[in-house]
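*Asks:* Take a look at the following structure, please.
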Amino acid sequence: MSTAETVRLPEYNVTGQDYSQRSHLRYAGPPILDIHSHVMRPRNFEKPDVIVEDNVEQARTMLDVAAEFGITRTYTMCPADDIPILRDAFGDRLGFNGIINKKLDEPEDVAYRLLDRFLELGVEILKFWSAPRGRERGLFVDAPWRIEAAKRARAAGIRLMMVHVADPDVWFSRVYTDATRYGTKADQYPPFCRMLELFPDLNWIAAHMGGDPEHPDHLEELLERYPNLYIDTSAAKWQIREVSAHRDGIRALICRHPTRFLFGSDLVTRPALDREHYVSRYWCERTLWESDWVGPSPIQDPDFTPTDNGTTTPMLRGLALPPDVLVQLYRTNALRLLKLTTDEHS
Ligand SMILES: [Zn+2]
(Lines give C-alpha, C1' and ligand atoms only; values in the text may rest on other atoms or scores of the structure.)
Protein backbone atom coordinates (compact mmCIF):
# COMPACT_ATOMS: atom_id res chain seq x y z
CA MET A 1 0.00 0.00 0.00
CA SER A 2 1.43 3.42 -0.87
CA THR A 3 1.29 6.17 1.72
CA ALA A 4 -1.51 7.89 -0.14
CA GLU A 5 -3.60 4.74 0.13
CA THR A 6 -2.88 4.07 3.80
CA VAL A 7 -6.11 3.99 5.71
CA ARG A 8 -5.88 4.48 9.44
CA LEU A 9 -8.08 1.85 10.96
CA PRO A 10 -9.69 2.76 14.27
CA GLU A 11 -8.37 0.74 17.23
CA TYR A 12 -11.90 -0.44 17.93
CA ASN A 13 -12.30 -2.10 14.55
CA VAL A 14 -9.21 -3.20 12.64
CA THR A 15 -10.91 -6.14 10.90
CA GLY A 16 -13.92 -4.35 9.45
CA GLN A 17 -16.28 -6.26 11.73
CA ASP A 18 -19.95 -5.40 11.32
CA TYR A 19 -20.97 -4.82 14.94
CA SER A 20 -24.62 -4.76 13.99
CA GLN A 21 -24.27 -8.52 13.46
CA ARG A 22 -25.43 -9.83 16.82
CA SER A 23 -27.39 -12.97 16.04
CA HIS A 24 -24.63 -15.10 17.63
CA LEU A 25 -25.24 -13.47 21.03
CA ARG A 26 -27.37 -16.11 22.72
CA TYR A 27 -28.04 -14.74 26.17
CA ALA A 28 -31.73 -14.06 26.56
CA GLY A 29 -31.92 -13.81 30.36
CA PRO A 30 -32.62 -10.86 32.64
CA PRO A 31 -30.43 -7.70 32.60
CA ILE A 32 -26.66 -7.84 33.05
CA LEU A 33 -24.59 -6.04 35.72
CA ASP A 34 -21.13 -4.70 34.93
CA ILE A 35 -19.08 -4.90 38.13
CA HIS A 36 -15.93 -3.15 36.81
CA SER A 37 -15.80 0.12 34.90
CA HIS A 38 -14.46 3.66 35.08
CA VAL A 39 -17.33 6.00 34.26
CA MET A 40 -16.33 9.58 35.09
CA ARG A 41 -15.92 13.06 33.69
CA PRO A 42 -13.15 12.42 31.12
CA ARG A 43 -9.72 13.30 32.44
CA ASN A 44 -6.23 13.82 31.05
CA PHE A 45 -4.50 10.42 31.00
CA GLU A 46 -1.13 11.90 32.02
CA LYS A 47 -2.60 14.32 34.59
CA PRO A 48 -5.64 12.57 36.06
CA ASP A 49 -6.53 15.68 38.11
CA VAL A 50 -7.26 17.62 34.93
CA ILE A 51 -10.85 17.25 33.73
CA VAL A 52 -10.88 17.49 29.93
CA GLU A 53 -14.62 17.26 29.35
CA ASP A 54 -16.54 18.79 32.23
CA ASN A 55 -19.78 16.98 31.48
CA VAL A 56 -21.30 13.50 31.53
CA GLU A 57 -21.73 13.08 27.77
CA GLN A 58 -19.16 10.24 27.46
CA ALA A 59 -20.87 8.52 30.39
CA ARG A 60 -24.23 8.92 28.67
CA THR A 61 -22.91 7.44 25.42
CA MET A 62 -21.32 4.52 27.24
CA LEU A 63 -24.39 3.72 29.35
CA ASP A 64 -26.69 3.98 26.34
CA VAL A 65 -24.52 1.47 24.48
CA ALA A 66 -24.44 -0.70 27.61
CA ALA A 67 -28.25 -0.74 27.65
CA GLU A 68 -28.27 -1.78 24.01
CA PHE A 69 -26.19 -4.79 25.11
CA GLY A 70 -28.52 -5.63 27.98
CA ILE A 71 -26.45 -4.05 30.78
CA THR A 72 -28.65 -2.02 33.07
CA ARG A 73 -26.42 -1.44 36.10
CA THR A 74 -22.76 -0.50 35.94
CA TYR A 75 -20.35 -0.15 38.86
CA THR A 76 -17.83 2.63 38.36
CA MET A 77 -14.57 3.58 39.98
CA CYS A 78 -14.53 7.34 39.69
CA PRO A 79 -13.12 10.21 41.74
CA ALA A 80 -15.31 11.07 44.74
CA ASP A 81 -16.15 14.50 43.25
CA ASP A 82 -17.89 12.85 40.32
CA ILE A 83 -20.22 10.63 42.34
CA PRO A 84 -22.96 13.23 43.06
CA ILE A 85 -22.86 14.49 39.46
CA LEU A 86 -23.15 10.99 37.98
CA ARG A 87 -25.78 9.89 40.46
CA ASP A 88 -27.82 12.95 39.59
CA ALA A 89 -27.60 12.22 35.88
CA PHE A 90 -28.02 8.43 35.89
CA GLY A 91 -29.60 7.35 39.17
CA ASP A 92 -29.90 3.60 39.48
CA ARG A 93 -27.97 2.83 36.34
CA LEU A 94 -24.75 3.34 38.30
CA GLY A 95 -23.27 1.96 41.50
CA PHE A 96 -19.97 3.11 42.98
CA ASN A 97 -16.63 1.62 43.93
CA GLY A 98 -14.11 3.83 45.77
CA ILE A 99 -10.40 3.44 45.03
CA ILE A 100 -8.39 3.85 48.24
CA ASN A 101 -5.01 5.29 47.30
CA LYS A 102 -2.51 7.74 48.68
CA LYS A 103 0.78 9.11 47.46
CA LEU A 104 3.97 7.61 48.90
CA ASP A 105 4.87 10.70 50.96
CA GLU A 106 1.37 11.42 52.19
CA PRO A 107 0.35 10.51 55.74
CA GLU A 108 -1.95 7.52 56.26
CA ASP A 109 -4.70 9.92 57.26
CA VAL A 110 -5.10 10.95 53.62
CA ALA A 111 -6.30 7.43 52.82
CA TYR A 112 -8.67 7.35 55.81
CA ARG A 113 -10.19 10.73 54.88
CA LEU A 114 -10.73 9.46 51.35
CA LEU A 115 -12.37 6.34 52.76
CA ASP A 116 -14.69 8.47 54.93
CA ARG A 117 -15.64 10.56 51.92
CA PHE A 118 -16.45 7.49 49.81
CA LEU A 119 -18.47 5.99 52.66
CA GLU A 120 -20.48 9.21 53.03
CA LEU A 121 -21.14 9.10 49.29
CA GLY A 122 -22.54 5.59 49.58
CA VAL A 123 -20.03 3.42 47.73
CA GLU A 124 -20.82 -0.30 47.82
CA ILE A 125 -17.35 -1.61 46.97
CA LEU A 126 -13.80 -0.49 47.74
CA LYS A 127 -10.84 -1.05 45.46
CA PHE A 128 -7.20 -1.60 46.38
CA TRP A 129 -5.31 -1.05 43.14
CA SER A 130 -1.99 -2.83 43.56
CA ALA A 131 -0.53 -3.59 40.15
CA PRO A 132 3.22 -4.27 40.02
CA ARG A 133 3.78 -0.75 38.64
CA GLY A 134 2.29 0.61 41.85
CA ARG A 135 4.91 -0.97 44.11
CA GLU A 136 7.30 1.96 43.87
CA ARG A 137 4.43 4.20 44.95
CA GLY A 138 3.82 2.04 48.00
CA LEU A 139 0.52 0.65 46.70
CA PHE A 140 0.92 -2.82 48.16
CA VAL A 141 -2.39 -4.54 48.73
CA ASP A 142 -1.39 -5.37 52.31
CA ALA A 143 0.21 -2.02 53.19
CA PRO A 144 -0.59 -1.21 56.85
CA TRP A 145 -2.79 1.74 55.87
CA ARG A 146 -4.80 -0.52 53.58
CA ILE A 147 -5.26 -3.11 56.32
CA GLU A 148 -6.52 -0.33 58.58
CA ALA A 149 -8.77 1.02 55.79
CA ALA A 150 -10.27 -2.47 55.32
CA LYS A 151 -10.95 -2.71 59.08
CA ARG A 152 -12.66 0.67 59.12
CA ALA A 153 -14.66 -0.15 55.97
CA ARG A 154 -15.80 -3.43 57.49
CA ALA A 155 -16.88 -1.63 60.67
CA ALA A 156 -18.88 0.76 58.46
CA GLY A 157 -20.70 -2.14 56.79
CA ILE A 158 -18.73 -2.63 53.56
CA ARG A 159 -18.60 -6.30 52.59
CA LEU A 160 -17.12 -6.22 49.10
CA MET A 161 -13.55 -5.39 48.11
CA MET A 162 -11.86 -5.40 44.72
CA VAL A 163 -8.15 -5.85 44.04
CA HIS A 164 -6.03 -5.45 40.93
CA VAL A 165 -3.42 -8.01 41.83
CA ALA A 166 -1.38 -8.76 38.70
CA ASP A 167 -0.88 -7.93 35.04
CA PRO A 168 -0.58 -10.03 31.87
CA ASP A 169 2.22 -12.58 31.57
CA VAL A 170 3.52 -10.71 28.51
CA TRP A 171 4.07 -7.59 30.59
CA PHE A 172 6.33 -9.53 32.92
CA SER A 173 8.47 -10.52 29.95
CA ARG A 174 8.42 -7.06 28.29
CA VAL A 175 7.75 -4.32 30.84
CA TYR A 176 8.40 -5.73 34.32
CA THR A 177 11.73 -7.29 33.37
CA ASP A 178 13.40 -5.93 36.53
CA ALA A 179 12.09 -8.32 39.19
CA THR A 180 13.87 -6.40 41.96
CA ARG A 181 11.59 -3.42 41.22
CA TYR A 182 8.35 -5.15 40.32
CA GLY A 183 8.63 -8.69 41.69
CA THR A 184 7.79 -11.73 39.60
CA LYS A 185 4.23 -12.54 38.69
CA ALA A 186 4.16 -15.19 41.43
CA ASP A 187 5.36 -12.58 43.95
CA GLN A 188 2.15 -10.57 43.43
CA TYR A 189 -0.09 -13.19 45.05
CA PRO A 190 1.09 -13.82 48.66
CA PRO A 191 0.18 -10.27 49.86
CA PHE A 192 -3.28 -10.68 48.31
CA CYS A 193 -3.73 -14.11 49.91
CA ARG A 194 -2.77 -12.52 53.21
CA MET A 195 -5.70 -10.10 52.89
CA LEU A 196 -8.07 -12.96 52.03
CA GLU A 197 -6.94 -14.65 55.24
CA LEU A 198 -6.98 -11.50 57.40
CA PHE A 199 -10.52 -10.65 56.31
CA PRO A 200 -12.43 -13.91 55.81
CA ASP A 201 -15.70 -12.05 56.46
CA LEU A 202 -15.18 -9.75 53.47
CA ASN A 203 -15.72 -10.90 49.90
CA TRP A 204 -12.81 -10.12 47.61
CA ILE A 205 -13.07 -9.69 43.85
CA ALA A 206 -9.80 -10.29 42.00
CA ALA A 207 -10.14 -8.09 38.92
CA HIS A 208 -9.27 -9.06 35.35
CA MET A 209 -9.71 -12.84 35.70
CA GLY A 210 -7.75 -12.71 38.93
CA GLY A 211 -4.84 -11.27 36.96
CA ASP A 212 -4.03 -14.73 35.65
CA PRO A 213 -6.21 -15.93 32.75
CA GLU A 214 -2.99 -17.49 31.44
CA HIS A 215 -3.17 -20.09 34.25
CA PRO A 216 -6.66 -21.45 34.95
CA ASP A 217 -5.10 -24.09 37.22
CA HIS A 218 -3.72 -21.32 39.46
CA LEU A 219 -7.13 -19.60 39.58
CA GLU A 220 -8.76 -22.87 40.54
CA GLU A 221 -6.29 -23.42 43.35
CA LEU A 222 -7.08 -19.93 44.71
CA LEU A 223 -10.86 -20.43 44.43
CA GLU A 224 -10.63 -23.73 46.28
CA ARG A 225 -8.42 -22.33 49.01
CA TYR A 226 -10.42 -19.12 49.60
CA PRO A 227 -14.23 -19.33 49.74
CA ASN A 228 -14.37 -15.51 50.01
CA LEU A 229 -12.65 -15.02 46.62
CA TYR A 230 -14.49 -13.97 43.45
CA ILE A 231 -13.16 -13.16 39.99
CA ASP A 232 -14.25 -10.50 37.51
CA THR A 233 -13.97 -10.97 33.76
CA SER A 234 -12.90 -7.41 32.90
CA ALA A 235 -10.22 -6.05 30.52
CA ALA A 236 -11.34 -6.79 26.96
CA LYS A 237 -8.03 -7.03 25.09
CA TRP A 238 -6.32 -9.13 27.78
CA GLN A 239 -9.23 -11.55 28.14
CA ILE A 240 -9.89 -11.86 24.41
CA ARG A 241 -6.23 -12.79 23.90
CA GLU A 242 -5.66 -15.11 26.86
CA VAL A 243 -9.08 -16.57 27.59
CA SER A 244 -9.34 -17.53 23.91
CA ALA A 245 -5.86 -19.06 24.05
CA HIS A 246 -6.89 -21.09 27.14
CA ARG A 247 -10.47 -21.57 26.05
CA ASP A 248 -11.13 -25.09 27.28
CA GLY A 249 -9.35 -24.61 30.61
CA ILE A 250 -11.17 -21.35 31.44
CA ARG A 251 -14.52 -22.71 30.30
CA ALA A 252 -14.15 -25.79 32.51
CA LEU A 253 -13.03 -23.61 35.43
CA ILE A 254 -16.07 -21.31 35.21
CA CYS A 255 -18.41 -24.29 34.81
CA ARG A 256 -16.94 -25.93 37.92
CA HIS A 257 -17.25 -22.69 39.94
CA PRO A 258 -20.20 -20.83 38.38
CA THR A 259 -21.01 -18.90 41.57
CA ARG A 260 -17.57 -17.22 41.68
CA PHE A 261 -17.37 -15.16 38.46
CA LEU A 262 -18.73 -11.67 37.77
CA PHE A 263 -19.04 -9.90 34.45
CA GLY A 264 -16.96 -6.72 34.09
CA SER A 265 -15.99 -4.55 31.14
CA ASP A 266 -13.22 -2.24 32.42
CA LEU A 267 -14.49 0.42 30.04
CA VAL A 268 -13.20 3.94 30.74
CA THR A 269 -14.92 7.17 29.65
CA ARG A 270 -11.91 8.85 28.06
CA PRO A 271 -12.04 12.22 26.26
CA ALA A 272 -13.42 12.23 22.69
CA LEU A 273 -14.08 8.50 22.43
CA ASP A 274 -16.21 7.35 19.55
CA ARG A 275 -19.44 5.53 20.37
CA GLU A 276 -18.10 2.53 18.43
CA HIS A 277 -15.29 2.16 20.98
CA TYR A 278 -17.87 1.19 23.61
CA VAL A 279 -19.77 -0.96 21.11
CA SER A 280 -16.58 -2.91 20.29
CA ARG A 281 -15.89 -3.80 23.93
CA TYR A 282 -19.39 -4.97 24.80
CA TRP A 283 -19.72 -6.80 21.49
CA CYS A 284 -16.43 -8.67 21.99
CA GLU A 285 -16.99 -9.38 25.68
CA ARG A 286 -20.44 -10.84 25.17
CA THR A 287 -19.18 -12.72 22.10
CA LEU A 288 -16.37 -14.22 24.18
CA TRP A 289 -18.51 -15.49 27.05
CA GLU A 290 -21.75 -16.55 25.44
CA SER A 291 -21.10 -17.49 21.81
CA ASP A 292 -19.09 -20.01 19.84
CA TRP A 293 -17.91 -17.28 17.44
CA VAL A 294 -14.32 -17.76 16.24
CA GLY A 295 -12.30 -15.18 14.33
CA PRO A 296 -9.59 -12.54 14.60
CA SER A 297 -10.44 -10.02 17.32
CA PRO A 298 -11.68 -6.75 15.82
CA ILE A 299 -9.82 -4.77 18.53
CA GLN A 300 -6.21 -3.72 18.11
CA ASP A 301 -4.01 -5.34 20.76
CA PRO A 302 -0.48 -3.97 21.34
CA ASP A 303 0.31 -6.97 23.57
CA PHE A 304 -0.29 -9.48 20.79
CA THR A 305 2.65 -10.81 18.77
CA PRO A 306 1.47 -11.45 15.22
CA THR A 307 1.88 -15.11 14.30
CA ASP A 308 2.47 -16.99 11.07
CA ASN A 309 -1.21 -17.20 10.14
CA GLY A 310 -1.07 -13.55 9.18
CA THR A 311 -3.59 -12.09 11.62
CA THR A 312 -2.60 -8.85 13.32
CA THR A 313 -4.91 -9.40 16.27
CA PRO A 314 -5.36 -12.45 18.47
CA MET A 315 -8.04 -15.02 17.73
CA LEU A 316 -11.24 -14.58 19.69
CA ARG A 317 -12.68 -18.00 20.53
CA GLY A 318 -16.07 -17.88 22.18
CA LEU A 319 -16.60 -20.04 25.27
CA ALA A 320 -20.32 -20.57 24.67
CA LEU A 321 -20.97 -20.88 28.40
CA PRO A 322 -24.19 -22.77 29.22
CA PRO A 323 -27.22 -20.52 29.93
CA ASP A 324 -27.43 -21.48 33.62
CA VAL A 325 -23.76 -20.52 34.10
CA LEU A 326 -24.08 -17.31 32.07
CA VAL A 327 -26.94 -15.92 34.11
CA GLN A 328 -24.84 -16.35 37.25
CA LEU A 329 -21.81 -14.66 35.73
CA TYR A 330 -23.84 -11.87 34.11
CA ARG A 331 -26.20 -11.19 36.97
CA THR A 332 -27.06 -13.31 39.95
CA ASN A 333 -23.59 -13.51 41.51
CA ALA A 334 -23.37 -9.70 41.55
CA LEU A 335 -26.91 -9.31 42.89
CA ARG A 336 -26.13 -11.73 45.72
CA LEU A 337 -22.80 -10.13 46.68
CA LEU A 338 -24.24 -6.63 46.54
CA LYS A 339 -27.41 -7.71 48.36
CA LEU A 340 -29.55 -6.13 45.66
CA THR A 341 -33.08 -7.37 45.21
CA THR A 342 -34.28 -8.43 41.78
CA ASP A 343 -37.18 -5.96 41.99
CA GLU A 344 -34.71 -3.10 42.03
CA HIS A 345 -32.88 -4.41 39.00
CA SER A 346 -35.31 -6.24 36.83
ZN1 LIG B 1 -10.27 -1.15 35.78
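The values are calculated or read from the model by the stated rules, or taken from the named source; none is laboratory data. Values in this document were obtained by computation on a predicted structure and should not be read as measured data. Using ideal geometry, Cβ is built from the backbone for each residue, glycine included, and neighbour counts are taken over all protein chains shown. Remember, those area values only see protein heavy atoms, side chains included, never the ligands or the DNA or RNA. Shrake-Rupley method; radii C 1.70, N 1.55, O 1.52, S 1.80 Å.
*Asks:* How far is helix 144-155 tilted, in degrees, relative to the longest principal axis of the Cα atoms in the chain, given as a value from 0 to 90 rounded to the nearest 10?
*Replies:* Once rounded, one gets 80 degrees.
*Asks:* For region 190-346, what is the charge dipole size about the Cα centre, in debye to the nearest 20, if Lys and Arg each add +1 at the Cβ and Asp and Glu each add -1 at the Cβ?
*Replies:* 260
*Asks:* Follow-up. Asn55 to Leu198: FRET efficiency via 1/(1 + (r/R0)^6), r the Cβ-Cβ distance, R0 41 Å, to the nearest 0.05?
*Replies:* It comes to 0.50.
*Asks:* For region 192-286, build the charge dipole from Cβ charges (+1 Lys, Arg; -1 Asp, Glu) around the Cα centre, then report which of Tyr226, Leu202, Gln239 sits farthest towards its positive end.
*Replies:* Gln239
*Asks:* Cα axis of helix 216-225 to longest principal axis of the chain: angle in degrees, 0 to 90, nearest 10?
*Replies:* 30
*Asks:* Further question on the same structure: With θ set to phi - 60° and the Karplus curve 6.51 cos²θ - 1.76 cosθ + 1.60, what are the ³J(HN,Hα) couplings of region 24-38 in order, to the nearest whole Hz, using x for Gly and Pro?
*Replies:* For region 24-38, the Karplus-derived couplings read 7, 6, 9, 5, 10, x, x, x, 9, 10, 9, 8, 9, 8, 10 Hz, x marking Gly and Pro.
*Asks:* How big is the charge dipole of region 218-277 about its Cα centre, in debye rounded to the nearest 20, if each Lys and Arg gets +1 on its Cβ and each Asp and Glu gets -1 on its Cβ?
*Replies:* 60
*Asks:* Here is a follow-up. For Asp82, what charge total do you get from the other residues with a beta carbon under 10 Å from its beta carbon, if Lys and Arg give +1 and Asp and Glu give -1?
*Replies:* Surrounding charge for Asp82 is +2.
*Asks:* Here's something else I'd like to know. Fully extended, how many nm does the chain gain between Asn228 and Asp142 (0.36 nm per residue separation, minus their Cα-Cα distance)?
*Replies:* 29.3 nm
*Asks:* Calculate how steeply helix 108-120 sits against the longest principal axis of the alpha-carbon atoms of the chain, using the helix alpha-carbon long axis, and give the answer as 0 to 90 degrees to the nearest 10.
*Replies:* Approximately 70 degrees, to the nearest ten.
*Asks:* When Lys and Arg each count +1 and Asp and Glu each count -1, what net charge do the other residues less than 13 Å away from Arg247, Cβ to Cβ, add up to?
*Replies:* With Lys, Arg at +1 and Asp, Glu at -1, the neighbours total -1.
*Asks:* I've got another one for you. Projected onto the charge dipole of the chain (+1 at Lys/Arg Cβ, -1 at Asp/Glu Cβ, origin at the Cα centre), which of Ala111, Ala149, Phe90 gives the Cα projection farthest towards the positive end?
*Replies:* Going by the charge dipole, the pick is Ala149.
*Asks:* Apply the a/c threshold of 1.5 to the C-alpha gyration tensor of region 129-280 and tell me whether it is rounded, prolate or oblate.
*Replies:* Rounded, since a/c falls under 1.5.
*Asks:* Projecting each Cα onto the charge dipole of region 255-346 (Lys/Arg +1, Asp/Glu -1 at the beta carbon, about the Cα centre), which of Gln328, Thr311, Pro271 comes out farthest on the positive side?
*Replies:* Going by the Cα projections, it comes out as Gln328.
*Asks:* Please count, across the chain, the pairs of lysine residues with Cα atoms under 16 Å apart that sit 8 or more places apart or on different chains.
*Replies:* 5
*Asks:* How about region 280-346: which GluC sites (Glu not before Pro) there lie in a loop by DSSP and see at most 13 other Cβ atoms within 10 Å?
*Replies:* Here the GluC sites (Glu not before Pro) that fit, given the DSSP loop and packing criteria, are Glu344.
*Asks:* If you don't mind, another one. Is there a quick way to get the dipole size of the chain? I mean about its Cα centre, with the Cβ of Lys and Arg at +1 and of Asp and Glu at -1; what is the value in debye to the nearest 20?
*Replies:* Charge dipole, the chain, about its Cα centre: 440 debye, nearest 20.
*Asks:* What part of the accessible area of the chain, given as a whole %, is carbon or sulfur when the probe is 1.4 angstrom?
*Replies:* Carbon and sulfur together cover 51 percent of it.
*Asks:* Could you work out how much longer the chain between Asp187 and Lys151 gets when fully extended? Use 0.36 nm per residue separation minus the Cα distance between them, nm to one decimal.
*Replies:* Using 0.36 nm per residue and subtracting the Cα-Cα distance, I get 10.5 nm.
*Asks:* Place a point 7 Å from the Cα of Thr311 along the Cα-to-Cβ direction; which residues of region 248-285 have their backbone N under 19 Å from it?
*Replies:* 248-251, 280-285
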